[in-house]
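> Following this message is one structure expressed as structure tokens.
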Amino acid sequence: MSIPKKVRVRFAPSPTGALHIGGVRTALYNYLFARQNGGDFILRIEDTDQGRYVPGAEDYIVRSLEWAGLSPDESPQKGGPCGPYRQSERMSIYKQYADELLEKGFAYYAFDTAEELDTKRKADPAFRYDASSRTSLRNSLSLSPEETQTLLNSGQNVVIRMKIDSGQTIHIRDEIRGDVSFQSEELDDKVILKGDGMPTYHLANIVDDHLMEISHVIRGEEWLPSTAHHVLLYRYFDWTAPVFAHLPLILKPTGQGKLSKRDGAIFGFPVFPLDWQAEDGLYKGFRETGFLPEAVINFLGLIGWSPGTDQEIFSKEDFVKDFSLERIHKAGARFDYDKAKWFNQHYIIHSQNEDLALLIQNDVEQKFGTSFTTEYISGVCGLMKERVHLHQEIWEKGYFFFTEISEHDLDTAKQKWNQETANHLHHISKMVQEDIESCETTIKLYIKEQNLKMGEILPLLRIAVSGKVQGPDLFGTIRLLGIQKVTDRISGLTDMLA
Ligand code: GLU
């Protein structure tokens, strides 16, 4: 592939609901390609279908891209040299292009009502508005110029359709799929301008890609059939088409079928970047589930693209360096939630404790109804981060740092318990009071001197301070909890077992 002088790519979502995680991947690949080639990454909001417009969806898209670190260079919010970037604000532009196609004979007026077309479809499910059927339908090609003019003057329902002649082969050069071709008989005469003067996706999309000087169209595989229409439109206008690259689908974990928004509830994982409150309920986001954006980027980047090496950990900068359209797979790629959590664990472990603390501070204070210093929460993060996959597990599993222990593993404690161990614990409690900072050395020395085994005492001490035998580093936990809490908890356990 030869790269044109200036790479300009766009992410062009329709604000018809929350941005699916597959959309974030499309945005990511566009972003990477732009960055890699010193190009521009544009966000264009395709909101011409007012019937499907969902309030809040654009804001959600913008916030999601921001969270994922994929900020566009040009967008409705940022502006830019080719604005406006919201199609609803570009309405005056499209009509003239539809008129141009009418004049050139590549488009025509069609007067059939929705009911008429429905009746046709009912009578023949294979019905299509195309070269074979248009002569028997009500349009400016089948009617006389006078009849057409009368209908146009009457103000009755009229749309403009692109005219596709039969007998043509439309070749698409796709950077991922190679050469793809369609026969014009497979394509219908798509509406390009609707009765209310609104362009359809096809017209608005290619006019904007042209005017915004888009060099590469990188989008989901579901748009490949539309590309045949788009290639024809570029030909009709005598414009150079951009380079196309259609990304493979993200499949359900079972590998069967496309991952849908309902799969989140079915399989128990998020399929949206941020929480989305829809009419039929709340859809959980990756962010609110406890994911770091770096992990989501790493995970998504590798769904459908591989570096050709064993490397799995990719920062955004690593991706920018190594990414290539050529290494994107043709086949759909499975969504593997365990892998997403694995990446998240990696990024949590490698995060600064303070950054994690700032991230969870709000949740912690809300959950436990008390305020804690960032320093204290940082300490908890340092102790807990190796033991979690999601950042909220830091306070879920480490709740005993923030509130009283709700459940002690008394079964295990009882096995280790006798009068002697009770005395030892009492002694240990005193050592903590004397010098908590060096308690690890003094307690271990004490256990040795008393000819005890670590396994006779330390599990009890763990159960006393955290409720469980398994948990974060014991002495780190003791130091963080502080003298008062530790001594109270030791005597609390002693009381429970006495
Ligand atoms: N508006 C289309 C969408 O919602 C854009 C498809 C394209 O990128 O051309 O995905």
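> Mind counting the residues in segment 71-120 that are among the acidic types (Asp, Glu), open to solvent by less than 20 Å² (accessible area, probe 1.4 Å) and either more than 26 Å from Tyr53 (Cα to Cα) or more than 25 Å from the chain's Cα centre (by Cα) (or both)?
1
> While we're looking at this one, here's another question. Scan the strands (runs of 3 or more DSSP E) fully inside segment 181-285 and keep the ones with 2 or more residues being of a type outside the set (Val, Ile, Thr), within 13 Å of the ligand (Cβ to nearest atom) and under 30 Å from Asp338 (Cβ atoms).
Once the strands (runs of 3 or more DSSP E) in segment 181-285 are filtered for at least 2 residues that are of a type outside the set (Val, Ile, Thr), within 13 Å of the ligand (Cβ to nearest atom) and under 30 Å from Asp338 (Cβ atoms), what remains is 216-220, 243-247.
> Within segment 238-259, work out how many residues are surrounded by 17 or more Cβ atoms within 10 Å (Cβ to Cβ) and touching a residue at least 60 places away in the same chain (Cβ under 8 Å).
Looking only at that region, the number is 11.
> For segment 177-209: of the residues being free of Cβ contacts under 8 Å to residues at least 24 places away in the same chain and farther than 14 Å from Gln50 by Cβ, which is least open to solvent (accessible area, probe 1.4 Å)?
Only one residue tops the list, namely Gly178.
> Has segment 186-196 got at least one residue that is in contact with a Gly (Cβ under 9 Å, 6 or more places away or on another chain) and not hydrophobic (A, V, I, L, M, F, W, C)?
No, that holds for no residue.
> Of the conditions (1) under 12 Å from Ile218 (Cβ atoms); (2) within 14 Å of the ligand (Cβ to nearest atom), Leu32 clears all except one; give me its number.
(2)
> Check segment 35-58 and report whether any residue there is open to solvent by less than 10 Å² (accessible area, probe 1.4 Å), away from the ligand (no atom under 14 Å from the Cβ) and within 19 Å of Gly220 (Cα to Cα).
no
The values are calculated or read from the model by the stated rules, or taken from the named source; none is laboratory data. Keep in mind that what you see is a predicted model, and the values were worked out from it rather than measured. As a convention, Cβ positions derive from the backbone with ideal geometry for all residues, glycine included, and neighbour counts pool all protein chains shown. Note: areas computed on protein heavy atoms with side chains; ligands, DNA, RNA excluded. Shrake-Rupley method; radii C 1.70, N 1.55, O 1.52, S 1.80 Å.
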